[in-house]
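Reading through the structure tokens given below for one structure.
The values are calculated or read from the model by the stated rules, or taken from the named source; none is laboratory data. Note that the coordinates shown come from a computational prediction; the quantities given were computed from them, not determined experimentally. Because the Cβ atoms are built from the backbone with ideal geometry, glycine has one as well, and the counts that use them run over all protein chains shown. What goes into the accessible areas is simple: the full protein's heavy atoms, side chains included, and nothing from ligands, DNA or RNA. Shrake-Rupley method; radii C 1.70, N 1.55, O 1.52, S 1.80 Å.
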Amino acid sequence: MPACHFSPAFAGVPPHAPYAADAARSRGRLIEEPHSPSRSAFQRDRDRIIHCTAFRRLAHKTQVFVPHEGDHFRTRLTHSLEVGQIARTLARALGLDDDLAEALALAHDLGHTPFGHTGEDALDELMAPYGGFDHNAQALRIVTKLERRYAAFDGLNLTWETLEGLVKHNGPLLQADGGVAARYAKCGIPAAILEYNVVHNLELAHFASAEAQAAALADGIAYNAHDLDDALRAGLIDFAQIGEVDFLRDIGGEIAALYPGLEPVRAVHELVRRLITFFIEDAITESRRRIEAAGVVSVADVRAQRAPLIGFSPAALSADKSIRSFLSKNMYRHQRLVHIREQAGLIVRDLFFRFFTAPDLMPAEWAQAAAGAGTSETRRVRLICDYIAGTTDRYAVAEHRRLFDETPELQ
């Protein structure tokens, strides 16, 4: 495993590589606005995301553990901030626009439901007759429609580049021949994305910018590192178990050799710190290799590639896969979490069916929209989905207690 420190070579990339997104040449916003004299277009996007209601709600949305488990476990908000830090590091080292990379990192989880992936799975099942539920599509709905802060428009009126990155950070949604990308082959591209694409073409068959790719990779780095950290802190796994993964065992051996008898809490932090550093350094080196090999000299060249330019080497990909497999086996499927997820799923399903039969039980603004003249069943159900998806863990529990005699205990 490479030494976990940044080499001087990582400091020598120009701040604005020719393949970076250029805020001064942004394709603009759906609704034209005057330019800011003090901030670039991408800086304004980042700031709008930070100040929006959906971003603040992330503080009370589960990453893996529900709030009563402890104050130090990740929420969607702390995870998003950590992804932002890693995305900025990658972007700066590669000469990309770090404001755009940060904006995308901070926005990538805006569409997540309460109770983590459990809430998303429950809503996707419930919404199957109405097009399903996808957190990326929900994030697009939030930033283009559901946020209601500005006098002149709904949503945040973000730049084309930010919206493109939000929708395509995991790659194109369409294949070159017009077919649907593999990850949407079963359920199709979410309707919210297709509807918005009609009025603001996001070029769904092309890759997103390198900044969006950096944000997506940062998400994966943060997930692995911090879920491992939380699992160790929670006692779902112990430090000795990391020996099941060769890559982690090697890091653990380095720590033991350098710091004999190190107290457990410091050992865990050292493990996580070295893991993050390894993947960041590998991504920088590998991405530079790909960029040079592809000969890209513009952001258009980046979008025209047939494979992402920002990524891991084969060795790091193998390590990443082994860590994900280890966490899936020892953390995500842990009986303690499985039970909590089952209870959380019941809360989401109960709320959905109660509001489906009696939408007037939602807050007045939502109830009025659902009862509006000419509101189709599909639109009414989507409004119910929007409402539930926007709730925090604790608000969803409070709503359930308001409407039902018994509410599951998430423990």
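Principal axis analysis of the Cα atoms in segment 234-309 yields extents of 52, 26, 19 Å, listed in decreasing size. Taking trypsin sites (Lys or Arg not before Pro) across segment 268-376, the ones in a DSSP loop with at most 11 further Cβ atoms lying within 10 angstrom of their Cβ are ARG306, ARG333.
To the nearest 10, the accessible area of ILE142 is 20 Å² with a 1.4 Å probe.
Can you give me the Rg/Rh ratio for segment 124-216, using Cα atoms for both radii and the Kirkwood formula for Rh? Present the calculation step by step, with values, prior to reporting the outcome.
Numbers: Rg = 13.4 Å, Rh = 13.8 Å.
With Rh from the inverse mean 1/r over Cα pairs, Rg/Rh is 0.97.
For segment 219-233, 3J(HN,Hα) computed residue by residue from phi via the Karplus equation (6.51, -1.76, 1.60; θ = phi - 60°) reads 4, x, 4, 5, 4, 4, 5, 7, 5, 4, 4, 5, 5, 5, 4 Hz, glycine and proline entered as x. Helical content alone sets the calculated 222 nm signal of the chain at -17500 deg cm²/dmol, taking -39,500 (n - 2.57) per DSSP H segment of four or more residues and averaging over every residue.
What does the net charge come to around GLU125 if you take all other residues with beta carbon closer than 13 Å to its beta carbon, with K and R at +1 and D and E at -1?
Numbers: positive: ARG349; negative: GLU120, ASP121, ASP124, ASP134.
Net of charged neighbours comes to -3.
Residues whose amide H falls under 5 Å from that of VAL180, counting only those 5 or more places apart or on a different chain, are GLN175, with hydrogens built in the peptide plane. Note the listed values (1) 28; (2) 36; (3) 45, then indicate which one is percent of Cα pairs over 33 Å apart calculated from this particular structure. Calculated percent of Cα pairs over 33 Å apart: the matching label is (2). With both labels modelled 7 Å from their Cα along Cα-to-Cβ, the HIS339 to ALA256 distance reads 3.2 nm.
Give me the accessible area per residue for the chain, probe 1.4 Å, as a whole number in Å². Write out the running numbers ahead of the final one.
Details: 18740 Å² over 411 residues.
Roughly 46 Å² per residue, with all protein chains present.
Percent of accessible area on the chain owned by carbon and sulfur, 1.4 Å probe? The value for the chain is 53 percent carbon and sulfur by accessible area. Accessible surface for ILE276 stands near 30 Å², nearest 10, in the context of the full protein assembly shown (1.4 Å probe). Of the trypsin sites (Lys or Arg not before Pro) found in segment 131-238, those that fall in a DSSP loop while having at most 16 other beta-carbon atoms within 10 Å are ARG148, ARG149, LYS186.
Summing +1 for each Lys or Arg and -1 for each Asp or Glu among the other residues whose beta-carbon sits under 9 angstrom from that of GLU147 gives +3.
Computed from phi, the 3J(HN,Hα) profile of segment 282-297 under the Karplus parametrisation 6.51, -1.76, 1.60 (θ = phi - 60°) reads 4, 4, 5, 5, 5, 5, 4, 4, 5, 4, 5, 5, 6, x, 6, 10 Hz, with x in place of Gly and Pro. Summing Lys and Arg as +1 and Asp and Glu as -1 over all other residues whose Cβ lies under 11 Å from the Cβ of VAL299 gives a net charge of -3.
Counting only GluC sites (Glu not before Pro) that sit in a DSSP loop (anything but H, G, I, E, B) with at most 10 other Cβ atoms within 10 Å, what is the longest stretch of the chain containing none of them? The answer is 33-405.
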